[in-house]
Amino acid sequence: MATDTIERTRAQLAVWHEYVAAAGEQGDPYALLLGAPENPYPLYEQIRARGPVSRSALGTWLVPDHALAGKVLRDRRFGVRMGSGDRAPQSVEFDNSMLGMDPPDHTRLRKLTIHAINPGQMESWRPRIERFCDELLDRILAGPARFNFMTAFAQQLPMYVIGELIGVPREHQPEMFALTRRMMHLVDGEPSLALIEDVSRSTAQMHAIFADIIARRRADPGADLVSDLLPALDDERMSMAEFTPLLAFLTLGGVETTVNLIANALNLMLAHPDQWTAFRDDPSMAPSVIQETLRFETPTQQYRRVVQEELEIGGVVLPVDSQLAILAGAANRDPEVYPDPERFDVFRPRNRELLSFSLGIHFCLGAALARLEGEVALAAVAARLPDVRPIGPIRRRKSYIIRGMLQFPVAVR
């Protein structure tokens, strides 16, 4: 980063941290939420009590209401950039892909990519996911009886799957996963200048790896996403400056959400032994288990949107460039939609719309694959590690965006 950029960023961070701290001292629930508490749900309820849309002391408009959140996510008058086209303040460094684009660029890239990641074809990946699960569980059963489920299984499976889908050679996959972890640290707790600089370096390293992979696939195309998208690069429907960030974003999204979905599901099931027993006896319950996990412990807890034109929602008029936090973790526990929302129940009816993968034009491309991985993974663990049990306190990610764990100690006999 250039010296002037470093100094400007340092000054901005200092002001922002001071602002958040002051708001937190005044009891603002959103400012307290940004401190990444172990249990965010009581703060969500404080926000919900203020109405379907309310303004935090930090100036961000908050939407905890399920129905209103769904409307905002589908409404194209809400974008991810400011009216000028600039990135919104506090946006993450690696959002120069579809994550940080509005139409028409977002529409163009998504249209190109959706053909390579066709949700209707994800079921064909089941045998490969089952094979990856068996490889990991063979390794676990051959090792110590006590292990960290995160590093031994939950973090490994999505890396294999997304690596094969995109076309990342096996020798590159551990390095790519390490880079995604460094990049995601930006949403873990309060960002620092050192952290932002490290994320910038990690992003550059990942883009360099993908540039090498693209060159390999030009010489030797395969059955993978990089090879499928090369024609769009060659006929200039997509530039290289867009291609490598797109691949980095898909890798990041394909790993991060699924890691936490798998681990959250097992943690919740082991905390409810009767439901775990029922699932072991009937693995066909896997879709219901994953659905309830996505609701109860939403992996991505919030999305940010920016008002593109003056409009009214929930009885409030919002000017252009107003920033909104769509609180998916709160909306998925809206008592108007989910009776007894604080109860984890895999037998809950599945006819309700979740916000766990967003909605509208930014609906997660990999949602079907993430669900499939979660279902196959949990069924495989139940079948081959039926007596798995937690053996110590978990350690959660310190993040107000990601709901996941770093340490999940378990044991098998």
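What to note about this one:
- Taking only the Cα atoms of the stretch 161-278, the ratio Rg/Rh comes out at 1.09, with Rh defined as the Kirkwood radius.
- Placing +1 on each Lys and Arg Cβ and -1 on each Asp and Glu Cβ, with no other charges, gives the chain a dipole about its Cα centre of roughly 520 debye.
- Gain on full stretching of the segment that runs from ASN351 to MET240 - 0.36 nm per residue minus C-alpha separation: 35.8 nm
- Computed over the alpha-carbon atoms, the stretch 231-346 gives an Rg to Rh ratio of 1.12, Rh here being the Kirkwood radius from the mean inverse distance.
- Per residue of the chain, the DSSP helices (runs of n ≥ 4 H) give a summed -39500 (n - 2.57) that works out to -16000 deg cm²/dmol at 222 nm.
- Volume of the Cα convex hull of the stretch 135-218, divided per residue and given in Å³: 107
- Here the ratio of the Cα radius of gyration of the chain to 2.2 N^0.38 Å is 0.98.
- Straightening the chain between ALA215 and ARG170 buys 14.6 nm, computed as 0.36 nm per residue apart minus the Cα-Cα spacing.
- Result for the chain in a Gaussian network model with C-alpha springs under 10 Å: among THR107, THR257, THR180, the largest mean-square fluctuation is at THR107.
- GNM on the chain, alpha-carbon springs under 10 angstrom: the most fluctuating residue among TYR44, TYR338, TYR30 is TYR338.
- Evaluated at q = 0.14 Å⁻¹, the base-10 log of the normalised Debye intensity for the stretch 254-413, with identical point scatterers placed on the Cα atoms, takes the values -0.75.
- Measuring between their Cα centroids, the stretch 41-73 and the stretch 151-222 lie 33 Å from each other.
- Contour minus Cα-Cα distance for ALA67 and VAL320 (0.36 nm per residue): 88.9 nm
- Furthest towards positive pole of dipole, THR244, ALA278, ILE196, structure part the stretch 180-305, Cβ charges: ILE196
- Packing-based ranking, highest mean first, of 399-411, 286-298 given that Cβ atoms within 10 Å are counted: 286-298, 399-411
- Here the stretch 319-398 is treated as a Stokes sphere of Kirkwood radius computed over C-alpha pairs; at 37 °C and 0.692 mPa s its diffusion coefficient rounds to 202 µm²/s.
- Residues of the stretch 94-135 falling in the label zone of ARG76, defined by backbone nitrogen less than 18 Å from a point 7 Å along Cα to beta-carbon, are 98-114.
- Kirkwood hydrodynamic radius computed over the stretch 280-332 comes to 13.6 Å, based on all pairs of distinct alpha carbons.
FYI, it's all coordinate maths here, none of it is from the lab. Not measured: the values here are computed from a predicted model. Cβ atoms come from the backbone with ideal geometry, glycine included; neighbour counts cover every protein chain shown.
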